[in-house]
Amino acid sequence: MNCDGVEFVGGDAGGITIWAGAEESGSKEKSKSKASDRSVRSTRADSASALGKLTSKQLGEIAEAEFIAKAVGLGFVVAKPWGDSEPYDFIVNPKKSFVFWRVQVKSAHTIGADGGCSFRAHDHNQRSYTSEDIDALVAYARPMNAWYVMPVRVVAELKSLMLYPESRARRSRFERWREAWEVLRRAVRRR
């Protein structure tokens, strides 16, 4: 079964719609699980106004749901640790492999005046992530649907990072990590 995506449905009765597509007999069927009563397709503008009403925790949960859909769709197995006690959000494993990555997902839901998206690269105690905490940081610039998959060594000792997914004038040193999902297929280098 392939996971085709996650959609944010705006409005007062909004929620998250997660769907998975399964191919049977050469045709593609979709089954939907809706977190809302209404089946509303949102435009980018509708989503933006609805997102403004959500808390940062809710926005993070939306990004985590989209991460699950993206990673599973790319052939990864994704597991969520119970509770919020670990410094990582997910354990990710390429199918049929003994490689396991501790992944922290960060997201940006707005675009700055300079065309960039700002991300925190630290935990709740303002400590930069280290290889003792996580193996990879995934930054998701939601307005542009841009994913950056970085080994922890790239963000170690940083408190924040700026990404410019749609800017031709400004480039981030992290641009080489855009859509770098192959990182999670390699052996993890831990100290």
Worksheet item: Just checking, which of Ser97, Ser85 is touching a residue at least 24 places away in the same chain (Cβ under 8 Å), more than 15 Å from Pro165 (Cβ to Cβ), surrounded by fewer than 17 Cβ atoms within 10 Å (Cβ to Cβ) and of a type in the set (S, T, N, Q)?
Response: Ser97
Worksheet item: within 16 Å of the chain's Cα centre (by Cα) and over 17 Å from Gly60 (Cβ atoms), is that true of Val77?
Response: yes
Practice prompt. Count, please, the residues in segment 96-121 that happen to be in a loop (DSSP other than H, G, I, E, B), in contact with a strand residue (DSSP E or B) (Cβ under 7 Å, 6 or more places away or on another chain) and within 25 Å of Gly75 (Cα to Cα).
Written response: 2
Discussion item. Open to solvent by 10 Å² or more (accessible area, probe 1.4 Å), in contact with a strand residue (DSSP E or B) (Cβ under 8 Å, 6 or more places away or on another chain) and more than 13 Å from Gln104 (Cα to Cα): is that true of Ser167 in this structure?
Written reply: no
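Matching residues to (1) over 26 Å from Gln58 (Cα atoms); (2) open to solvent by 20 Å² or more (accessible area, probe 1.4 Å); (3) in contact with a Phe, Trp or Tyr (Cβ under 9 Å, 6 or more places away or on another chain):
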position	(1), (2), (3)
Val92	no, no, yes
Val103	no, no, yes
Lys106	no, yes, yes
Thr110	no, yes, no
Leu137	no, no, yes
Pro143	no, yes, no
Tyr148	no, no, yes
Val154	yes, yes, yes
Arg185	yes, yes, yes
Fill in: Single residue of Ser160, Ser118 found to be touching a His at 6+ places or on another chain (Cβ under 9 Å), in contact (Cβ under 8 Å) with a residue 12 or more places away in the chain, more than 20 Å from Arg190 (Cβ to Cβ) and open to solvent by 20 Å² or more (accessible area, probe 1.4 Å)
Ser160
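Please specify each residue of segment 122-155 satisfying the condition of being over 19 Å from Trp181 (Cα atoms), part of a loop (DSSP other than H, G, I, E, B) and of a type outside the set (Val, Ile, Thr). Can you show your working first?
Within segment 122-155, the first condition is being over 19 Å from Trp181 (Cα atoms), and the residues that meet it are 122-130, 132-133, 143.
Narrowing further to those that are part of a loop (DSSP other than H, G, I, E, B): 123-127, 129-130, 132-133.
Listed by number, the residues that qualify are Asp123, His124, Asn125, Gln126, Arg127, Tyr129, Glu132, Asp133.
The values are calculated or read from the model by the stated rules, or taken from the named source; none is laboratory data. Just so you know, these numbers come straight off a predicted model, no measurement behind them. Here Cβ is always computed from backbone atoms with ideal geometry, including for glycine, and neighbour counts include all displayed protein chains. Just the protein is used for accessible areas: all its heavy atoms, side chains included, with ligands, DNA and RNA removed. Shrake-Rupley method; radii C 1.70, N 1.55, O 1.52, S 1.80 Å.
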